[in-house]
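This report concerns only the one structure given below.
The values are calculated or read from the model by the stated rules, or taken from the named source; none is laboratory data. Predicted model only: the values in this text are computed from it and were never measured. Heads up, the Cβs are rebuilt from the backbone with ideal geometry, glycines too, and the neighbour counts pull from every protein chain shown. Remember, those area values only see protein heavy atoms, side chains included, never the ligands or the DNA or RNA. Shrake-Rupley method; radii C 1.70, N 1.55, O 1.52, S 1.80 Å.
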Amino acid sequence: MQIARQQDVFLVFLSLVPVAVFQCPVTCLCSGTSMDCSSRELNVSTIPMHFAATVTEIKLNNNKLSSIPNGLFDPLQYLRLVSLDNNPWICDCNILYLRSWLLKQEDRTQYKNIKCSSPAEFQGRLILYLTEDEVVSTCQDWYCSLAVMWQIGLFIFIVIQAILLIFVIIFLRRFEAFSKEAIRAPKEEHFRNAM
């Protein structure tokens, strides 16, 4: 009787504890620690954004992926293989995360078919062998424009600060001269009255 009660209490306790159950994304087929999301017409906005922490293999080949969202694979510590070939990779600033992730992999031989589809200067080149400088050079001009605007804004802010500082210094000197005059005037009047 006592054991049955303990089991009942334990079952009630377990029912109160939230259990995190990973649901296989609708666009993928899951089997054990493998997720097959290949040939699903996935793009950057429709790719699953969460994978089971225990996943060891993800198939993303034969989709319409032009890049991988930043940090997508980072929390997956058991991940051994990601199939990424046959996607139209655009090798611009958005490919930097994938390039960085590929470079961190111990066995890079499985990623030797991941090639750029565009821009024209990188078409057919392996993402793994692109240099960071090459990729950054394709970044949109608005990044540069934004940096220039921030620098101009900072320069204007510094100029305004300098002008305000000059006004404060001029004011303090005039105030000091006025104070000296105010202190000297009563002494001179006292001196005149004393004569």
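Descriptive notes on the structure:
- Given (1) open to solvent by 20 Å² or more (accessible area, probe 1.4 Å); (2) modelled with pLDDT of 95 or more, index of the condition Leu84 fails: (1)
- Checking the stated criteria, Val82 turns out not to satisfy the condition of being assigned to a loop (DSSP other than H, G, I, E, B) and either more than 23 Å from Glu132 (Cα to Cα) or not acidic (Asp, Glu) (or both).
- Test result for Ser45, under 27 Å from Ser118 (Cα atoms), of a type in the set (S, T, N, Q) and at pLDDT below 95: yes
- As a summary of the residue check, Gln123 satisfies the conditions (1) under 30 Å from Ala53 (Cβ atoms); (2) without any contact (Cβ under 8 Å) to a residue 40 or more places away in the chain; (3) open to solvent by 90 Å² or more (accessible area, probe 1.4 Å) except for the one numbered (1).
- Restricting the first member to the range 34-63 and to residues that are open to solvent by less than 20 Å² (accessible area, probe 1.4 Å), and the second to residues that are part of a loop (DSSP other than H, G, I, E, B) and of a type in the set (Asp, Glu), the beta-carbon pairs closer than 7 Å and six or more apart or on different chains are Asn63/Glu41.
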